[in-house]
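The values are calculated or read from the model by the stated rules, or taken from the named source; none is laboratory data. Not measured: the values here are computed from a predicted model. Backbone-built Cβ (ideal geometry, glycine too); neighbour counts: all protein chains shown. Side chains are part of the model used for accessible areas, which takes the heavy atoms of the whole protein and leaves out ligands, DNA and RNA. Shrake-Rupley method; radii C 1.70, N 1.55, O 1.52, S 1.80 Å.
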Amino acid sequence: MPAPRLLVLADPKMLPALAGGLRDGGRFDVSAVSLADAAAAQAAAAGADAVAVFYGGPGAPLAATLQAVAPKFRERGGRVVAVLQRDQAGQRDECFRAGASDLLFMPTPKDQFVDRLAASVALAFGAGDGAPAAVAVATRSAQSRLDRATVSTVGIESPSQLPLKAGETVRLSWETFQSWGLVVRGGPSAQIRFAGLAPDEEGKIREWVKSGAQQQPAAAAASPPRPAAPSPSPQRPPATPAQVTPAPQRPTSTPQPDSTPVRSPPAAQPSMGARAAPVAGPPPGFMDRKPARPQGRAASAGPDVSPASGAGAARAAPGLSPTPPQSPRVRPAPQSSNGAGGLSTLFDADGATPAPATKPPSPAKPPPAPPGPPWPVPVAIDVCKTAAMHLLQGNNPGRDVPTNVVASARKLTALLSLGERASIEKSGIDSHFVHSLGARIALEVATAEGTRLASANVSPTLDVEAMASLTKLADEAAGRLQKEANAAIGKGEVENLQLVTAASASLSRDLLNLKETGDRFRGFGAAPRLGAGALDPDMVLPGQPFRPKPVSQQQTLAPVKPELRDFHGLDERPGRAKGVLAVLLVAGCVGLAVYSFHFAIPQHVEVQASSAGPGVQRIDITGPAAVVTIAPQWLTASETNLPKLVQVLRTRQVKKAVLMLANGTAAGIVDVAAGKATGMPVPAAN
């Protein structure tokens with residue numbers, strides 16, 4: 001079988017190395033064309049079986065190249081594979097929407113990369129062990145559901161049939177996972193390969209499949225229900241008459257049936273050789289003390305207890321230390337577990353009042369209040385990060401993301417600064433700002449739920465472990481921000497340090513809000529604060545006797561020294577001056593507020609873009625900063641277009657400007673004072 005014809009599109013400097021490496025082993029018939037030559041790429045794609053587009057280049061973005069090559073090429077059954085570096089993970093969804101069939105990440109070992117590229121081109125599907133799951137399959141126009149699918153490390157397989165063609169790109173979602181997929185076949189049984197997975201995502205799916213495969217046989221081998229009357233535990237050998245003599249049961253205690261499992265701590269079941277402590281009754285040595293006053297028999301002796309019961313109790317455990325015999329005239333009354341009985345009569349007047357023969361029935365206790373719902377319920381940070389990335393890219397997070405997570409994500413992403421958005425756009429989901437944003441969303445979800453429960457007069461059950469997990473999540477995000485701050489200090493990046501500091505402050509504020517909500521549910525801060533007079537000694541509460549106010553002693557004025565008599569009264573001013581001063585102070589405050597609102601606060605101004613030259617679509621000026629929206633053609637002639645733009649910005653007293661493309665991608669920063677631009681992509685060498 002002849003090798004498939006592979007067309008490689010890349011930067012001209014990389015073409016020789018890429019073409020030579022892919023030709024080794026004869027797996028592909030490789031032809032290479034530069035990204036900048038669009039006409040040659042279109043002509044070469046007509047005779048190829050697959051196209052591999054590497055990284056993109058200046059003047060030829062990867063998404064634009066895919067949009068130009070993929071539509072016609074995929075109509076005739078070809079594969080378009082995009083190749084990104086790991087720091088370009090944020091462009092993955094954009095590449096798939098532009099028409100990519102599959103996506104691979106570099107750097108990867110050569111043999112592994114060639115194997116994955118060959119499997120993607122040939123639509124290979126190696127079936128392996130998997131775990132069952134219900135998988136949702138979505139295309140641009142329809143959505144299906146596979147209830148009996150099997151998820152493996154390679155992809156999704158189901159006995160059901162799907163109305164999909166081989167080589168079509170779909171979106172997969174199951175449980176908390178979301179991924180792109182490449183259809184191997186739609187029927188009679190559906191097979192879909194995973195597409196565009198990063199190494200860490202492959203590891204998570206592998207662990208999930210492994211755990212699901214282990215739980216499946218464990219669920220099949222589940223034990224039957226436990227019988228109602230289990231047999232005695234083998235750890236407790238049956239007692240023989242020579243070892244233990246059963247003691248008679250007390251009439252005041254209620255025996256427990258043997259079938260009820262007793263969950264008592266180990267200390268409540270002493271071994272045969274250990275010394276047992278009394279469960280109830282007077283403290284040790286109490287019976288040897290002499291009474292403080294003579295007591296009658298009715299007070300000292302409770303219900304009659306036969307001596308046989310005391311002797312039998314002493315013989316109940318031969319391995320224990322025997323209890324010394326007690327005298328009949330100081331025999332204590334039986335004690336209940338709550339300390340009532342004989343101890344309650346110790347402090348009577350003289351012991352002449354007999355104890356009642358029968359105990360009056362106690363009033364029925366009200367049933368305990370049912371426990372409230374557990375709070376907080378932590379949300380996985382990966383779900384929060386995915387929702388934030390979808391919102392930042394202008395997409396809908398999807399139905400798999402809970403609505404409360406989406407609401408919190410919308411609230412926090414709308415407050416992100418321009419610098420944080422540019423950094424996230426550059427680094428993708430692995431950015432430290434995305435990690436901090438995910439932690440903030442998780443904290444905000446828990447805080448919002450607590451506020452909702454408090455406003456509904458619901459007393460939830462505080463989950464200490466969940467609170468600790470959220471705190472740990474915030475600490476991990478703060479630690480990563482601290483590392484970035486240290487790196488920014490070492491490199492002297494002041495703007496990056498300011499962004500990291502602002503993100504850390506927002507994270508700390510959200511964590512404090514969560515802790516305040518938890519303290520409110522614990523009871524801290526629930527009582528009203530004491531106002532002025534609450535601690536007034538003259539206030540008499542209901543039920544307290546009136547306390548007469550003590551006569552205050554007259555304070556004698558200190559004598560004025562002779563040398564200070566001439567200056568006495570200089571600090572006394574007429575009351576009119578104080579009123580005039582107050583009026584002037586109020587007028588000054590009003591004037592300062594008006595000045596701050598109208599002059600000190602930067603005003604937003606939109607300038608006509610036609611005066612800045614061709615390619616400039618919009619100019620938004622706020623104080624000394626501006627955001628300039630440009631077309632991609634402006635970058636190709638930046639040396640000619642930059643002076644015109646700088647001249648327009650200088651007339652508006654702008655010091656710095658950020659260049660943005662129409663799709664929201666940052667294209668560079670312009671220092672208006674110096675007339676230079678930094679961060680712009682370098683034009684391709686001719």
- request: Among the aspartates and glutamates, select those whose C-alpha is under 19 Å from the C-alpha of residue 72, and discard any that sit fewer than 8 residues away in the same chain.
  value: 37, 49, 94, 102, 168
task: Hey, can you grab everything whose amide H is under 5 Å from the amide H of residue 667? Only 5+ residues off in sequence or another chain; H modelled, so Pro and N-termini drop out.
output: 659, 660, 661
- request: Excluding residues fewer than 8 places away in the same chain, name every one of the aspartates and glutamates whose C-alpha is closer than 14 Å to that of residue 656.
  value: 495, 620, 671
- prompt: Got a number for the accessible area of residue 14? Probe 1.4 Å, square angstrom, nearest 10.
  reply: 60 Å²
- request: State whether the range 51-127 is rounded, prolate or oblate according to the following rule on the C-alpha gyration tensor (a ≥ b ≥ c being the square roots of its eigenvalues): a/c under 1.5 gives rounded; otherwise a/b larger than b/c gives prolate, and the remaining case gives oblate.
  value: oblate
field: Theoretical FRET efficiency, 1/(1+(r/R0)^6), r = Cβ-Cβ of residue 476 and residue 40, R0 60 Å, to 0.05
entry: 0.75
- line: Once the in-chain neighbours fewer than 8 apart are removed, the lysines whose Cα is under 27 Å from residue 13 read 110, 426
field: Protection proxy ranking of 643-656, 88-101, 177-190, 581-594 - average other beta-carbon atoms within 10 Å, highest first
entry: 88-101, 177-190, 643-656, 581-594
field: At R0 = 25 Å, FRET efficiency that the Cβ-Cβ distance of residue 147 and residue 127 yields, to 0.05
entry: 0.85
message: If I model a spin label as a point 7 Å beyond the Cα along the Cα-Cβ vector, how far apart are those points for residue 663 and residue 410 in nm?
response: 2.5 nm
